[in-house]
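Read the structure below first, then the notes.
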């Protein structure tokens, strides 16, 4: 419920309120990664409902339908086990994504055979956070760190 409310607030363009939600989330708990593992590479976007961004299907590997505004992502198939072993019927895992002086928690609910050099495919909402115009196509030097647990609230993280 809180995740849907946060996504609705941030997706509706209420920047100030979205920032407050993100700030509250970052103050609630510190970020704890799985064994300190981080992967650095390029991020791209997929959206099966948009021409030119159809690399992924309408159903994610976890069995959830693709949602362009869910703060979610697909991880490179070779990294599946480092990110919770996303498979049909499994709970999704979470990761912190950092780049361009921004941080966001994303739900890893899909995997894919991404093009070489790409480590993660964002849904549209997440890509717009890093590239509001969707003109860059790729975001380089993105750091992705898996998180411990499955009770994270996906969305932007405000810096303290």
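Within region 116-132, being over 23 Å from residue 81 (Cα atoms) and exposed (fewer than 15 other Cβ atoms within 10 Å of the Cβ) holds for one residue alone: 132.
For residue 96, the criteria (1) surrounded by fewer than 21 Cβ atoms within 10 Å (Cβ to Cβ); (2) at pLDDT 90 or above; (3) more than 11 Å from the chain's Cα centre (by Cα) hold in every case but one, which is (3).
Residues in region 59-75 that are more than 12 Å from the chain's Cα centre (by Cα) and surrounded by fewer than 20 Cβ atoms within 10 Å (Cβ to Cβ) were compared, and the one that is modelled with the highest pLDDT is 65. Does region 18-36 contain any residue that is in contact with a helix residue (DSSP H, G or I) (Cβ under 8 Å, 6 or more places away or on another chain), modelled with pLDDT of 85 or more, part of a loop (DSSP other than H, G, I, E, B) and surrounded by 12 or more Cβ atoms within 10 Å (Cβ to Cβ)? Checked region 18-36: no residue is in contact with a helix residue (DSSP H, G or I) (Cβ under 8 Å, 6 or more places away or on another chain), modelled with pLDDT of 85 or more, part of a loop (DSSP other than H, G, I, E, B) and surrounded by 12 or more Cβ atoms within 10 Å (Cβ to Cβ). When each of 135, 88 is tested for being surrounded by fewer than 22 Cβ atoms within 10 Å (Cβ to Cβ), modelled with pLDDT of 90 or more and more than 16 Å from residue 152 (Cβ to Cβ), the lone residue that passes is 135.
The values are calculated or read from the model by the stated rules, or taken from the named source; none is laboratory data. None of these values were measured; they are calculated from a predicted model. Note that we place each Cβ from the backbone using ideal geometry, even for glycine, and neighbour counts take in every protein chain shown.
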